[in-house]
Structure formats: structure tokens, C-alpha cells
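Comments concern the structure below.
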Amino acid sequence: MSDLNVVSISEAKIPSEPFIACHLIDGSWRESADGETFDRVSPSHASLVTRASRGGTRDVDAAISAARLAFDKGGWSSTSGKDRATILLRVADLVDRDRERIALLETLESGKPISQARAEIEGAADLWRYAASLARTLHGESYNSLGNDFLGLVLKEPVGVVSIITPWNFPFLIVSQKLPFALATGCTAVIKPSEMTPATTVVLGELLIEAGLPAGVVNIVLGYGDPVGTAMTTDKRVDMVTFTGSTGVGKAIVKAASGTLKKVSLELGGKNPQVIFPDADLDSAVDAVVFGVYFNAGECCNSGSRIIVHEDIAEDFIARTVEVSRKVPFGDPLDPSTKVGAIITPGHQQKIDAYVQDAAKAGAQVRLGGAALEVPGLAGQFYQPTVIANVKGEMPIAREEVFGPVLTVLTFRTLEEAIEKVNDADYGLSAGVWSENVHTCLEFARRAQAGTVWTNTWMDGFAELPFGGVKESGQGRELGTYGLEEFLEAKTVTMRIGRTRAPWVDPGVE
Ligand code: NDP
């Protein structure tokens, strides 16, 4: 498609040697006990980026032991909030210092644009700072209302050892949505990044050591869901699992963790609708829709991939969306002007294409794209910006997470019908409405079944605001004070004042 905006001039600084990634266990870098490794090849440049130790049962066992011991001996969990905040703030400064290095590895492993990776690393540093501020606010409750004989206390305590399992789409940002909050409460952790993107979590491990985090508080095991993820979700020494990824694996984790009744927090997929009313600022809406669907090549749980547009403006809206889509710079992720990079694996590219071809066979109209994108000089896999109209609610492309740069367009006539279509989904992560009428926006916000609602915007996020889904999009929340609460347990302490307790057994009875 020659009329697309394809960027292929790379200012590449691809390292000549791969990044060597080892496990971080009890404060030291270790190769796998059985010496196994795996390679990560760049999805855009097809060059070897990372050679990583491949964790086995002995490695994950050692990591869980270290996290358990670090928690139980209390060196971290019983330090003051002030001391924990000091370390988290140091980590934030080190992340800022190493932003370029982290961004380059993130881009090479994930295929995301370098300018976006830089912004994500900057956002991650902000999360470490925010979590540091929360570490000093931890407090429980006291009840001085139980009568003269009692004082009731509710103590907030860290949950314990947390397994953190992260996906490949935002490796550094997602671990930073979880780990600093867990650390702020005094938890210890074992982390498994996706085998597609292990490098930047390992760099984070280096920075944690440099910041002075005690050995064993954070452990990193590289490798696959089986056996590393499985052990992290079944081992009885683990108290909680926090996971971001597919709904299928999320359900498997709930089952696996139920054997020892672990606390489970899940951030899963979405098929996120945006409803566009005729009175909306259409220029703004088109731009946000294009951003929402192509950002991170659509490999984003918050992808705004399901547009529900009023029939009266549908044709005009689709035409404008196609026109703006053509201008989006797709291509070499290392070029700072690129806005959309590569697709994570050839297998995932095929999955995206299969959704598109199946929809076309079922009667949907491919108005733009619908095929692989050739980027001159690059051997990786890319997908064209794709707009699909005439989509029916029952088609898989309207219901399932495509996780690619593919927009599906449905239509509506009334607010009632729009809400019905919004809520006709297994997912409930986020939803959006475009209208100049505040009453329409408010009614939509109240009735949409979603963890987040955006009105006249899309995908703005803040450290202060909780993030998570309803229905099959997950359970629990990240970010904000709600995100902190996930890593806390309440302990009730009931104190009797003086010798006021009436004996249960009469002391006078012989
Ligand atoms: P998965 O959900 O399969 O993987 C996410 C993480 O979970 C990875 O670290 C993975 O390890 C790990 N994992 C896999 N199986 C288990 C298990 N049984 N126990 C514990 N951990 C496990 O995502 P994929 O990477 O395979 O992507 C598949 C689809 O998931 C995508 O097409 C997309 O639809 C969705 N997805 C949603 C994301 C979101 O942000 N909501 C993020 C990523 C994907 P490993 O892969 O290393 O074996």
C-alpha cells in the first residue's frame, strides 16, 4: 500500500552483542541450574537482542525461598515507610538516568517505537515516585468507641510474598504498575517477565541493587509459563499473585492459585468500545480513535478497537478515519518519528490476519489495510493500519481481543441501543463516549460496564487513578491508593483496658 506513511530510515544503534540476562536470586545474578538459555530476536530488525537464562524448577524454587526468607525475617517488611520510600525514590532517579538504555532494549525486544518507549520509561519512573509517596501514608484505624474497657485497632500489614507475572506489550511499565506498590507496603516479590521481553526487567533488577534494596526482597526468574509461572502460582510459600495478560491464562492462574487460596489480582484483556454521537467534536474523536487503535500496534489491553458510531455520521466518520489512518507513520521502531512499530511474533501476526480474513469472509468490509506491511530494509513483521466496517456484533472480530492495528466499526441509532452494544461483551476493561452533551456523557459513564470510562478522550492515565476491569477483564485494581490496598491485609487487634474481663468460669466453684 504505497499511500500509507511507511517509515524505514533507521537511526539504528543496534548493539553488536546480545544483552545477557540472568536470574536475580537472593541478591545475586545466576545462570539456570541446568544451564539452559533462550534467545529473543527483535520483531522489527530480526537481530538477536537478548540471550536469557531459561528458568527451571530449581531456579524458581530458589527464588521463592529467597523471597519467603526475606519477608519472614522482617528486614524489609518491618522497615519504616520513610526508609522504603527512600529506596523507591532512588530507583526512580536511576530509571531516569538509564532511560535511553532501557528504552532501546524495550524497543528492540517488543518492536514498539523508541519515542513511545522513552515516554513509557518516564511514566514508569513517575510510578516509582508515586508509590514512594504512598509508602509514608500507610495507616490502619483505631476504634475508641467500644466502651471504656476496649480499644480496637486495625493494622495494615503487607500480604507477604507476591508473584508478579507480566506480559510483553508494556514490559517495563507494567512491572512498574505492580512492583513499587508491593514494595511500598513491605511485600517481597518473585517476578517473571514474558519470555519475549525479559531484558528491561533484568535492568530494573540491576537498578534495585544499586538503589540499596536488600538481597532477596526482589527476585527475577526468566523463562516460560511452564514451569516458572506454574510454580509461582501454586507454591504454598507464595501469598499473592498479580498477573497481566490474556483472560485464558488469567483463568488458569485463578485455578492454580486456588489450591492454596492465594490472593489473586488480574489485569486481563479488553474489547473496548467508543461510542460516537453526532454532536461530538468529530476531528478530535477521529484523532483519538486512530490513536486508540494503532497505539502499540493495537497490542494493548486498552486498545479502543470497537467503535460504535451513530448511523447518521457513520460513513463520514469511517472516511475520515481511513484518511487519518493513512497518515500515521508505521515502520522502523528505531526512527523517532515512527508511531507504530512491529508485531510481537510471526505467529501473532498470523492470528491478527486470520481475524481480518474471517471477518471479510463473513461479510465485513475491509476499508483500509487488511494485510502484512512491507517496511523496506527490515526483515521483521508489520501489519497495515486496518479499518473494517459493516461489522456485526456476533462476529469474533467484534467480540474477541485481536491485539493488532485493526479497527472494527459498528453503528447505532439510540443511546439505549449504544449502551446495549457496549455491554454486550464478555470484557469490561474500558469504554469511551464522544458527545458535547454532558448529560449523555454522564449517563454513559454510569451505565457502561467497564473499569474505566473516558469521556471526550481516550487512554489518559494517571498514577493517582485506579486501573482494572470488570467481567472477564480482571479483578482487583492497580495504581492509586486502591493499587496499594491490593498488597495489604487487615489485622484486627482488640485490647482490653485494665483487669475488666469478667471470668467465664466462676472462680468460687470447687
Ligand atoms: P499470556 O497471557 O499467555 O502470557 C502472559 C504472561 O503469563 C507471560 O509471562 C506468560 O509466560 C505467562 N504465563 C503463561 N502461562 C502461564 C501459566 N499457566 N501460569 C503462569 N503464567 C503463565 O499472553 P500471550 O503473551 O500469550 O498473549 C496472548 C494473548 O493474550 C494476546 O494475543 C492478547 O490477546 C492477550 N494479552 C493481553 C495482555 C493485556 O495487557 N491484557 C497482554 C498480553 C497478551 P510465557 O509467555 O513467557 O510462557
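May I ask you to list the residues in region 170-191 that are open to solvent by less than 10 Å² (accessible area, probe 1.4 Å), within 15 Å of the ligand (Cβ to nearest atom) and not in a helix (DSSP H, G or I)?
ALA189, VAL190, ILE191 - these are the residues of region 170-191 that are open to solvent by less than 10 Å² (accessible area, probe 1.4 Å), within 15 Å of the ligand (Cβ to nearest atom) and not in a helix (DSSP H, G or I).
Quick one: in region 103-134, of everything that is among the charged types (D, E, K, R) and without any contact (Cβ under 8 Å) to a residue 40 or more places away in the chain, which residue is farthest from LEU173 (Cα to Cα)?
ARG118
In region 382-397, which residues are small (Gly, Ala, Ser) and either within 29 Å of SER42 (Cβ to Cβ) or at pLDDT 95 or above (or both)?
Passing the criteria: only ALA389.
Mind checking which residues of region 429-447 are surrounded by fewer than 24 Cβ atoms within 10 Å (Cβ to Cβ) and either within 30 Å of ILE344 (Cα to Cα) or of a type in the set (Asp, Glu) (or both)?
Result: GLU436, GLU443.
Can you find, within region 234-258, the residue that is nearest to the chain's Cα centre (by Cα) among those that are more than 11 Å from the ligand (Cβ to nearest atom) and not basic (Lys, Arg)?
Going through the qualifying residues, I end up with THR242.
Would you mention how many residues in region 387-428 are open to solvent by 10 Å² or more (accessible area, probe 1.4 Å), out of contact with any Lys or Arg (no Cβ under 7 Å at 6 or more places or on another chain), among the hydrophobic types (A, V, I, L, M, F, W, C) and within 16 Å of the ligand (Cβ to nearest atom)?
1
For region 62-102, how many residues are charged (D, E, K, R), open to solvent by less than 30 Å² (accessible area, probe 1.4 Å) and farther than 21 Å from VAL175 by Cα?
0
Of the residues that sit in region 128-150 and are in contact with a Lys or Arg (Cβ under 8 Å, 6 or more places away or on another chain) and surrounded by fewer than 23 Cβ atoms within 10 Å (Cβ to Cβ), which one is nearest to GLU486 (Cα to Cα)?
LEU138
For region 333-350, indicate whether the set of residues that are under 22 Å from MET395 (Cβ atoms) and over 26 Å from the mean Cα position of the chain (by Cα) is non-empty.
Scanning region 333-350 turns up no residue that is under 22 Å from MET395 (Cβ atoms) and over 26 Å from the mean Cα position of the chain (by Cα).
Taking the criterion of being open to solvent by less than 30 Å² (accessible area, probe 1.4 Å), outside any loop (DSSP other than H, G, I, E, B), within 24 Å of PRO15 (Cβ to Cβ) and of a type in the set (S, T, N, Q), would at least one residue in region 151-163 satisfy it?
Checking region 151-163: not a single residue is open to solvent by less than 30 Å² (accessible area, probe 1.4 Å), outside any loop (DSSP other than H, G, I, E, B), within 24 Å of PRO15 (Cβ to Cβ) and of a type in the set (S, T, N, Q).
Six or more apart or on different chains, Cβ under 8 Å: which pairs go from a residue in region 316-337 that's farther than 12 Å from VAL387 by Cβ to one that's among the basic types (Lys, Arg) and surrounded by 18 or more Cβ atoms within 10 Å (Cβ to Cβ)? Could you list them?
PRO329/LYS339; PHE330/LYS339; PRO333/LYS112
Could you list all residues from region 235-270 that are among the polar types (S, T, N, Q), without any contact (Cβ under 8 Å) to a residue 40 or more places away in the chain and assigned to a helix (DSSP H, G or I)?
Across region 235-270, the qualifying residue is only SER258.
When region 42-59 is examined, which residues are found to be over 29 Å from ALA103 (Cβ atoms) and among the β-branched types (Val, Ile, Thr)?
Across region 42-59, the qualifying residue is only THR57.
Of everything in region 336-354 that's more than 13 Å from the ligand (Cβ to nearest atom) and hydroxyl-bearing (Ser, Thr, Tyr), which residue is least open to solvent (accessible area, probe 1.4 Å)?
Applying the filter and picking the extreme gives THR338.
The values are calculated or read from the model by the stated rules, or taken from the named source; none is laboratory data. Source: prediction; values computed, not measured. Please note: Cβ atoms are built from the backbone with ideal geometry, for glycine as well, and neighbour counts cover all protein chains shown. SASA here: full protein model, heavy atoms, side chains in, ligands and nucleic acids out. Shrake-Rupley method; radii C 1.70, N 1.55, O 1.52, S 1.80 Å.
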